[in-house]
Amino acid sequence: MRNELDPDRMPKHVAVIMDGNGRWAKKRLLNRLKGHEKGAEAVRTVVRTARKLNIDALTLYAFSTENWQRPQTEVSGLMFLLRRFLEAERSTLMENDIRLNVIGQIDRLPEAVRKDLKAVMAETAANDKMVLTLALSYGARAEIVDMVRQIAAAAKKGTIVPSAVTPEIVADHLYTRELSDPDLLIRTSGEMRISNFLLWQIAYAEIFFTPTLWPDFGEEEFIRILKDYQQRERRFGAIP
Ligand code: IPE
Ligand code: IPE
Ligand code: MG
């Protein structure tokens, strides 16, 4: 494996399924929320590293539509940590020219969280070195259903004919319409599944699974994964 990262072969968009906070806490006989708290620190590190390496887009799966099924105490603890994260990170986002973006069923989030998100998104709206997207109350199937509803409504209105629906039009109706597809998808904690994350967008992503629990994920491992990514040959179905 190369020793140095090649700046010309960086993934433009990295997506991460940040998993394993609960197990990290359990191993230490701590409350699950302690794991989430530590996980928020790992988020800070990865955001800074991604920016430093000139990655254009970083998308983090922070809360899924399915995660609403967790106990109320865990859900509200996560919402509290999210607000604390936004409060603590807004200056870093400004200093590093990072724009905050969110995808998911945002209207399901508590009012206070939505207000904070809106404020940080507005404050960072003109930043253009990297876009940090938080997937919150996000589920790919719900996103696809929303897209189908919009296109069906347009067809009914007569503003689009079915034969004009293309992959580009589908992509333009997803929450990620302004982002390129992820080049690299990382999942921590050893689970080998996608858990309803970006199903359409990861069609040709390079996938990397690591057994590391999210709170233990750091810059060194991130760089190791990026080096692995740079060794891969992306063929997109063609012959090299
Ligand atoms: C990931 O950690 C964070 C969220 C899903 C919010 P988990 O909370 O899923 O941790 P494990 O998988 O139980 O270890
Ligand atoms: C996926 O992790 C969702 C997030 C990381 C936010 P989960 O822990 O919710 O996924 P499963 O239940 O292991 O599939
Ligand atoms: Mg999990």
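Coordinate-derived values only; no laboratory data. From a predicted model like this one, the values you see are computed outputs, not experimental measurements. Positions of Cβ are generated from backbone atoms using ideal geometry, with glycine treated the same way; all protein chains shown enter the neighbour counts.
Work out how much length residue 172 to residue 156 would gain on full extension: take 0.36 nm times their residue separation and subtract the Cα-Cα distance, in nm to one decimal. Let's see the in-between values first.
Details: separation 16, 0.36 × 16 = 5.76 nm, distance 1.82 nm.
Gain in length upon complete extension: 3.9 nm.
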Added length on full extension, which subtracts the Cα-Cα distance from 0.36 nm per residue, residue 141 to residue 91: 14.6 nm
Distance in nm between pseudo-label sites at residue 231 and residue 29 (7 Å out along the Cβ direction from Cα): 4.0
Label-point separation in nm, residue 204 to residue 164, each point 7 Å along Cα→Cβ: 2.6
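Could you give the length gained on full extension between residue 128 and residue 6, defined as 0.36 nm per residue of separation minus the Cα-Cα distance, in nm?
Length difference between fully extended and current span is 41.7 nm.
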The stretch 23-50 and the stretch 101-165: distance between their alpha carbon centers, rounded to Å: 27
R0 of 22 Å, Cβ-Cβ distance residue 74-residue 115: FRET efficiency to nearest 0.05: 0.50
Residue pairs, from the table 38/118; 12/156; 12/115; 12/38, whose Cα atoms sit over 32 Å apart: 12/156
Spherically averaged projected area of the chain from its Cα convex hull (nm²): 15.0
For the stretch 68-194: rounded, prolate or oblate by the Cα gyration tensor [a/c cutoff 1.5]: prolate
Calculated [θ] (222 nm, deg cm²/dmol) that DSSP helices of n ≥ 4 give over the chain, each run adding -39,500 (n - 2.57): -14000 deg cm²/dmol
